[in-house]
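Reading through the structure tokens given below for one structure.
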Amino acid sequence: MKILLLPLLLFCSLLVNAQDEESLILVNKENEKMDKAFLEAKETLDQFISRATVQRKEHEIYGAYIKVVQNEVVEYLWVSDFQKYNETYFIGVLITKPELTTQFKKGATIGFLKEDIFDWQIYDKNTDVLEGAFTFKALE
């Protein structure tokens, strides 16, 4: 069984330049590097959520890599404009085009749970620094 990881272009270029090009990379489910990336993101997720909600800054862009499951298909998609909706849900704008699932469309505002987040990123527009992005680093 394979896990689909979408997209794997730089997060900041997708956000800032709204590029239409996206890469589709299939990764084995038992991929040690990806498992480690997911774990590192999960271990630092509370810090990300705090930065994106309580300590939010205008010059930073916040994104989350969420797991979407439809029937037996698993797809990971990036959302931008990450925000807390209520005590249970977060929302964001889908910035990647789903290739295997059909319940969401690119550009839609969608809701998701904390446990749906498998990676996160904070891009600082002032310093051009990208934090998080553990899955990108795992594929380098």
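Every read-out reported here was derived from the displayed coordinates using simple, explicitly stated rules and does not represent laboratory data. Here the structure is a predicted model, which means the values were calculated and not measured. Cβ sites come from the backbone with ideal geometry, for glycine too, and all protein chains shown count toward neighbours.
Short-range pairs are left out: with C-alpha atoms under 8 Å and at least six residues apart, the relative contact order of segment 58-140 is 30 percent.
The GluC sites (Glu not before Pro) of segment 25-111 that DSSP puts in a loop, and whose beta carbon has at most 11 other beta carbons within 10 Å, are Glu30, Glu58, Glu72, Glu87. Couplings 3J(HN,Hα) for segment 103-108, derived from phi with the Karplus relation 6.51 cos²θ - 1.76 cosθ + 1.60 (θ = phi - 60°), are 6, 10, 10, 3, x, 6 Hz, where x marks Gly and Pro. Other residues lying with their Cβ under 12 Å from the Cβ of Ala133 contribute a combined charge of -3, Lys and Arg counting +1, Asp and Glu -1.
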